[in-house]
Amino acid sequence: MKLEEKNDSIIKEVKNIFTAHLEKNKLRKTPERFAILEEIYSRDDHFDAEALYIQMKNQNYRVSRATVYNTLELLVSSDLIKRHQFGKNLAQYEKSYGFKQHDHIICVDCGKVLEFCDPRIQEIKNMMGNLMDFKITHHNLNLYGKCKGSCENSPSEN
């Protein structure tokens, strides 16, 4: 399946999940909510609510700031996006449906977020679950540090 077809398929699936979530909770299915969902699923990065709002306004979407914030909450509650607090007062989001579990490395200077996946983490989860007689359902691992030479806020290394 081509990448574009896969993206179209994922967007169709998330729209169906979101529709079911809205119907279950007796909430309105507005075009603005679905435009926000599509915009998020067309991105490949972590973003904050304000950046999403500004991007949508710049693309001439007719959405209010409140609609963006409220829709983000609905998307979190329907498990279509994840909210992260990477050590700042600013929440960042990323799409979550159809994407593998991963962890993050965050620069404390510029805020850049890198994703990584290491199968040893899954092995640790399984081992600790067995040792502690605990069913681990999910995890969150964030590593903090400083970009080495590529950070716009760090002094250049000559």
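The values are calculated or read from the model by the stated rules, or taken from the named source; none is laboratory data. The shown structure was predicted, so the numbers you read here are calculated from the model rather than taken from an experiment. For neighbour counting, all protein chains shown are included, and Cβ atoms are generated from backbone atoms with ideal geometry for every residue, glycine included.
Screening Gln92 with (1) in a strand (DSSP E or B); (2) in the same structural domain as Cys147 (by TED's automatic domain parsing) gives one miss only, at (2). Scanning region 32-84 for residues that are assigned to a loop (DSSP other than H, G, I, E, B), within 26 Å of Ile106 (Cα to Cα) and not polar (S, T, N, Q) turns up Arg43, Asp44, Asp45, His46, Asp48, Asp79, Leu80. If only residues of region 85-102 that are in contact (Cβ under 8 Å) with a residue 24 or more places away in the chain and out of contact with any strand residue (DSSP E or B) (no Cβ under 6 Å at 6 or more places or on another chain) are counted, the one that is nearest to Glu50 (Cα to Cα) is Leu90. Screening region 119-158 for residues that are of a type in the set (Asp, Glu) and at pLDDT below 85 and picking the one that is surrounded by the fewest Cβ atoms within 10 Å (Cβ to Cβ) gives Glu157. There is at least one residue in region 95-103 that is among the hydroxyl-bearing types (Ser, Thr, Tyr) and either touching a His at 6+ places or on another chain (Cβ under 9 Å) or within 29 Å of Ile121 (Cβ to Cβ) (or both). Checking Leu52, Leu22 one by one, the residue that is over 19 Å from the mean Cα position of the chain (by Cα), of a type outside the set (Lys, Arg) and surrounded by 13 or more Cβ atoms within 10 Å (Cβ to Cβ) is Leu22 and no other. Restricting region 83-95 to residues that are within 9 Å of the chain's Cα centre (by Cα) and buried (at least 16 other Cβ atoms within 10 Å of the Cβ), which is nearest to Glu13 (Cα to Cα)? Result: Lys95. When Lys82 is tested against (1) in contact with a Ser or Thr (Cβ under 9 Å, 6 or more places away or on another chain); (2) modelled with pLDDT under 85; (3) of a type in the set (Lys, Arg); (4) closer than 15 Å to Leu141 by Cβ, exactly one condition is not met: (2).
Give the residue that is surrounded by the fewest Cβ atoms within 10 Å (Cβ to Cβ), with candidates limited to residues of region 105-118 that are in a strand (DSSP E or B) and touching a residue at least 40 places away in the same chain (Cβ under 8 Å). Here the residue is Ile105.
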